[in-house]
Amino acid sequence: MRKKVAKPFHPAVRIGLTVLSVLAFLALLVGSARLGVVMALQDLPDSARHKKGYQAGVELRAGQDGGALYFAESVQALRDFYFRYPSEDARQKAEAESQGIRRVFGETKFRTIRQDADCLLVEVLSGPFTGEFWFHQSQLPEPDRSKP
């Protein structure tokens, strides 16, 4: 008795199965990515879900209450400063100028250029100095009060 030898698939069938396999793989990959994003968004705290963003070119004012405003030449210097001094009291007592941070008291008007996570690159329009600096968005008032 002879065993039947399996015949190879026709080349067109082989190509079709390969294409189908690749498409199925890509569909599963996209589906799992979407599922991961949905699950990650459900785990975010409410404060992170409703983060305020600022468009480029928007004019804002800050410092109406007379408190200190902090500007930096680089975004990393500003983040390091806020990491070292997390509270407002600690920032007021800190030697900001020695760390490359400019401290300004009083109302300052500026225009947003771009946003990088929690910091804004702004063009300072009024105040003791002008130019482009990084500004931490926690210093801004709520959006309804920040309109000029």
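Every number here is computed from the coordinates shown, using simple stated rules; none is lab data. Predicted, not measured: the structure shown is a model, and the values here were computed from it. Quick reminder, even Gly has a Cβ in these numbers, built from the backbone with ideal geometry, and neighbours come from all protein chains shown.
General remarks:
- Where labels lie 7 Å past Cα in the beta-carbon direction, separation of residue 42 and residue 59 in nm: 4.6
- When the chain is described by a simple charge dipole with +1 on each Lys and Arg Cβ and -1 on each Asp and Glu Cβ, the residue from 29, 92, 128 located farthest towards its positive end is 29.
- Cβ-placed point charges (K, R +1; D, E -1), dipole of the chain about Cα centre in debye, nearest 20: 1660
- Axis of helix 11-43 versus longest Cα principal axis of the chain: the two differ by about 30°, to the nearest ten degrees.
- Note on residue 30 and residue 116: the extension gain reaches 28.2 nm, defined as 0.36 nm multiplied by sequence separation minus the Cα-Cα distance.
- Full-stretch length increase - residue 2, residue 123 - with 0.36 nm per residue and alpha-carbon distance subtracted: 35.0 nm
- Sorted largest first, extent of region 59-139 alpha carbons per principal axis (Å): 29, 26, 20
- Think of the chain as a dipole: +1 on every Lys or Arg Cβ, -1 on every Asp or Glu Cβ, centred on the Cα centre; then among 20, 108, 141, 20 lies furthest on the positive end.
- Within the listed set 75, 37, 58, the Gaussian network model of the chain (springs between alpha-carbon atoms below 10 Å) gives the highest mean-square fluctuation for 37.
- What the Cβ-Cβ distance of residue 80 and residue 18 gives, at R0 = 41 Å and to the nearest 0.05, is a FRET efficiency of 0.20.
- Take the Cα radius of gyration of the chain and divide it by 2.2 N^0.38 Å, N being the number of residues; the result is 1.87.
- Theoretical ellipticity at 222 nm over the chain - DSSP helices of four or more residues, -39500 (n - 2.57) apiece, nearest 500: -11500 deg cm²/dmol
- Integer Hz, Karplus 6.51/-1.76/1.60 couplings in order for region 85-90, x for Gly and Pro: 10, x, 9, 5, 5, 5
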